[in-house]
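Engineer: Got a structure here, written out as structure tokens. Questions coming.
The values are calculated or read from the model by the stated rules, or taken from the named source; none is laboratory data. Everything quoted here is computed from the prediction, not taken from an experiment. Heads up, the Cβs are rebuilt from the backbone with ideal geometry, glycines too, and the neighbour counts pull from every protein chain shown. For the accessible areas, the whole protein counts, side chains as well, though only heavy atoms, and no ligand, DNA or RNA atoms are used. Shrake-Rupley method; radii C 1.70, N 1.55, O 1.52, S 1.80 Å.
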Amino acid sequence: MPVATQNLAGALRTNQVDLAIGLIELGHADVVSEDLFEERYVVVAGAGLQGAPSSIDTLHHHHFVLSAPGTSYGDDIERLVRRLGLEGKIATRLAHISAIAPLLLDFPLLSFLPEQFASHLAKTGNVRVLPIDLEQDAILVRMFWHRKNNEDPSHQWLRECVRSLFSSSR
């Protein structure tokens, strides 16, 4: 369920959301966080893109499809685009990250995606991760929950499932 970052602490408190996972900071006293893994952004292209870039300098010859700002990764990617001077190379922004891959298949576009998500997409053979070092620091993906759920057995089980899911990412 999508919840705006500014509403997340309240949604966790009221159990509208049991657990949140993301690239966010929630400095709220009643919200507990745990680091899950480090993430980076990568450049992806459709599997059939000819003349794909091989360095940061050659990214300027291409156009991009991005996820819309307002999501934790979307805002980070917007900062990356500004840092690389690619603001004028954005063809479109989509409301959801999962809609990017189909566009990469049909159009000669690139995108910036979180590495784990991009790696899963690459396994389908529809997109490929390009070996371009974006000269960035790793960012932490965290799990968040409300403190009142610390000792709840079902919530402990849920958190352990999430830890297991991401344990190979550490």
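Engineer: Cα convex hull of the stretch 1-102: how many Å³ per residue? If you can, show how the numbers build up before the last one.
Structural biologist: Details: hull volume 13.1 nm³, N = 102.
With only Cα atoms used, the stretch 1-102 gives 128 Å³ per residue.
Engineer: Taking θ = phi - 60°, what integer Hz values does the Karplus form 6.51 cos²θ - 1.76 cosθ + 1.60 yield along the stretch 84-93, in sequence order, with x for Gly and Pro?
Structural biologist: Whole-Hz 3J(HN,Hα) from phi for the stretch 84-93: 8, x, 10, 3, x, 9, 8, 7, 6, 10.
Engineer: Where both residues lie in the chain, what percent of DSSP beta bridges are antiparallel, nearest 5?
Structural biologist: Working: 20 of 27 bridges.
Bridges in the chain that DSSP calls antiparallel: roughly 75 percent.
Engineer: In addition: For the chain, evaluate the Debye formula with one uniform point scatterer on each Cα (no solvent term) and list log10 I(q)/I(0) at q = 0.12, 0.13, 0.15, 0.18 Å⁻¹, rounded to two decimals.
Structural biologist: With no solvent term, the Cα-only Debye profile gives -0.60, -0.69, -0.87, -1.13.
Engineer: Could you work out [θ]222 nm for the chain from helices alone, using -39500 (n - 2.57) per DSSP H run of at least four and dividing by all its residues? Round to the nearest 500 deg cm²/dmol.
Structural biologist: Only helices count here, giving -8000 deg cm²/dmol.
Engineer: Which of the GluC sites (Glu not before Pro) found in the stretch 88-170 are in a DSSP loop and have at most 11 neighbouring Cβ atoms, other than their own, within 10 Å?
Structural biologist: Working: sites: 115, 135, 151, 160; in loops: 135, 151.
Answer in residue order: 135, 151.
Engineer: Carbon-plus-sulfur fraction of the accessible area of the chain, 1.4 Å probe, in percent? Could the numbers behind the result be given before it?
Structural biologist: On the way: 4710 of 9190 Å².
Carbon and sulfur together cover 51 percent of it.
Engineer: A further question on this structure: Return the tail of the calculated pair distribution for the stretch 104-170, meaning the percent of Cα-Cα pairs more than 20 Å apart. If you can, show how the numbers build up before the last one.
Structural biologist: Details: 1121 of 2211 pairs.
Of the Cα pairs, 51 percent sit more than 20 Å apart.
Engineer: Could you do me a favour and compute the accessible area per residue for the stretch 1-146, 1.4 Å probe, result in Å²?
Structural biologist: Numbers: 7400 Å² over 146 residues.
Value returned for the stretch 1-146: 51 Å² of accessible area per residue.
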